[in-house]
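Inspection log for the structure reproduced underneath, given as structure tokens.
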Amino acid sequence: MADTKTYNTILERDKLYHVFNRTVGDELLFRSDENYRFFLRRYQTFLAESVETISYCLLPNHFHFFIRVVDEQRASLNFKRLFQSYSLAYNRSIKRRGTLLERPFKRKEVLKSEHISRLIRYIHQNPQKHGFVDNFRKWKWTSFHEVYGQNGNRMTSKFAEDWFLSKSEFESFHDFFEAKSNME
């Protein structure tokens with residue numbers, strides 16, 4: 001269980017954060033591929049200039065982002081704008097009313113360099129951890145496929161490529177599946 005500091009941390013420039021959230025009552029956040037695409041487009045619109053995206057994963061009822069803050073004046077506000085924009089459009093599309101995401105959104109500063117590799121893996125393996133697929137490599141709403149040019153529609157920076165020594169190290173590190181983790 002995350003402590004209250006996880007929820008109230010101010011996003012500071014040049015610091016690394018695990019940003020995550022889920023829907024209220026475990027409702028669906030994404031009902032179609034178009035929902036996932038729309039969320040990622042809105043993410044790019046609102047956050048491309050205020051955060052560097054290191055890794056991400058979108059799941060039916062929650063999401064994870066690993067970021068480095070570039071513009072601390074706008075990062076938190078732009079996350080809020082993303083969530084409001086997506087929630088309004090989503091609610092309108094299915095004739096739903098009310099809060100979609102838990103508030104405030106959760107963020108946890110990554111303080112130790114040894115947590116960086118594990119967080120990247122944790123985020124990529126999340127679909128398998130939650131039983132959405134039997135192998136996380138099959139999940140398409142993740143940055144795993146972007147690293148080392150596996151996907152032409154890149155949203156993430158080259159951080160993971162610079163962090164791991166090679167594509168084979170990146171892939172072999174992901175071969176170890178952590179069933180339990182304290183990343184949230």
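The values are calculated or read from the model by the stated rules, or taken from the named source; none is laboratory data. Quantities reported herein were computed from a predicted structural model and do not represent experimental measurements. Cβ sites come from the backbone with ideal geometry, for glycine too, and all protein chains shown count toward neighbours.
Condition first: in a helix (DSSP H, G or I) and either in contact with a Gly (Cβ under 8 Å, 6 or more places away or on another chain) or farther than 20 Å from residue 119 by Cα (or both). Can you find one or more residues in region 54-75 that meet it? Please lay out each step first, then the result.
As a first pass, look at region 54-75 and keep what is in a helix (DSSP H, G or I): 75.
Those still in the list that are either in contact with a Gly (Cβ under 8 Å, 6 or more places away or on another chain) or farther than 20 Å from residue 119 by Cα (or both) too: 75.
For region 54-75, residues in a helix (DSSP H, G or I) and either in contact with a Gly (Cβ under 8 Å, 6 or more places away or on another chain) or farther than 20 Å from residue 119 by Cα (or both): present.
Has region 86-108 got any residue that is aromatic (Phe, Trp, Tyr), in contact with a Phe, Trp or Tyr (Cβ under 7 Å, 6 or more places away or on another chain), modelled with pLDDT of 95 or more and surrounded by 14 or more Cβ atoms within 10 Å (Cβ to Cβ)? Full working, then the answer.
Residues of region 86-108 aromatic (Phe, Trp, Tyr): 86, 90, 105.
Then drop every residue that is not in contact with a Phe, Trp or Tyr (Cβ under 7 Å, 6 or more places away or on another chain), which leaves 86, 105.
If we keep only those that are modelled with pLDDT of 95 or more too, we end up with 86.
Imposing the further condition that a residue be surrounded by 14 or more Cβ atoms within 10 Å (Cβ to Cβ) reduces the set to 86.
So far as region 86-108 goes, yes, one or more of its residues are aromatic (Phe, Trp, Tyr), in contact with a Phe, Trp or Tyr (Cβ under 7 Å, 6 or more places away or on another chain), modelled with pLDDT of 95 or more and surrounded by 14 or more Cβ atoms within 10 Å (Cβ to Cβ).
How about region 109-131: which of its residues are loosely packed, with under 15 Cβ neighbours inside 10 Å and of a type in the set (A, V, I, L, M, F, W, C)? If the condition is that a residue be loosely packed, with under 15 Cβ neighbours inside 10 Å and of a type in the set (A, V, I, L, M, F, W, C), then 111 is the only one that fits.
Taken over region 76-121, the criterion of being under 21 Å from residue 141 (Cα atoms), among the hydrophobic types (A, V, I, L, M, F, W, C) and not in a helix (DSSP H, G or I) is satisfied by 100, 101, 105.
From the list 82, 47, 58, the one residue that fits, being crowded, with 21+ Cβ neighbours inside 10 Å, over 19 Å from residue 14 (Cα atoms) and hydrophobic (A, V, I, L, M, F, W, C), is 58.
From the residues in region 148-162 that are touching a residue at least 60 places away in the same chain (Cβ under 8 Å) and assigned to a helix (DSSP H, G or I), which one is surrounded by the most Cβ atoms within 10 Å (Cβ to Cβ)?
Within region 148-162, the subset touching a residue at least 60 places away in the same chain (Cβ under 8 Å) is 155-157, 159-160.
Narrowing further to those that are assigned to a helix (DSSP H, G or I): 159-160.
Working: 159: 19, 160: 21.
Looking at the filtered set, the residue picked out is 160.
Here's the yes/no breakdown for (1) modelled with pLDDT under 90; (2) over 14 Å from the mean Cα position of the chain (by Cα):
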| residue | (1), (2) |
| --- | --- |
| 119 | no, no |
| 123 | no, no |
| 130 | no, yes |
| 158 | yes, yes |
| 168 | yes, yes |
| 172 | yes, yes |
| 176 | yes, yes |
| 180 | yes, yes |
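Applying the selection to region 61-75, what residues are in contact with a Ser or Thr (Cβ under 9 Å, 6 or more places away or on another chain) and buried (at least 20 other Cβ atoms within 10 Å of the Cβ)? Across region 61-75, the qualifying residues are 62, 64, 65, 66, 67, 69, 75. Of 37, 31, 22, all but one fail to be basic (Lys, Arg) and assigned to a helix (DSSP H, G or I); the exception is 37. Taking the listed residues 54, 67, the one that is touching an Asp or Glu at 6+ places or on another chain (Cβ under 8 Å), within 24 Å of residue 122 (Cβ to Cβ) and among the hydrophobic types (A, V, I, L, M, F, W, C) is 67, with no other qualifying.
Let's see how each residue does on (1) among the small types (Gly, Ala, Ser); (2) modelled with pLDDT under 95; (3) in contact with a Leu (Cβ under 8 Å, 6 or more places away or on another chain):
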residue	(1), (2), (3)
6	no, yes, no
10	no, yes, no
16	no, no, no
19	no, no, no
26	no, yes, no
30	no, no, yes
34	no, no, no
46	no, no, yes
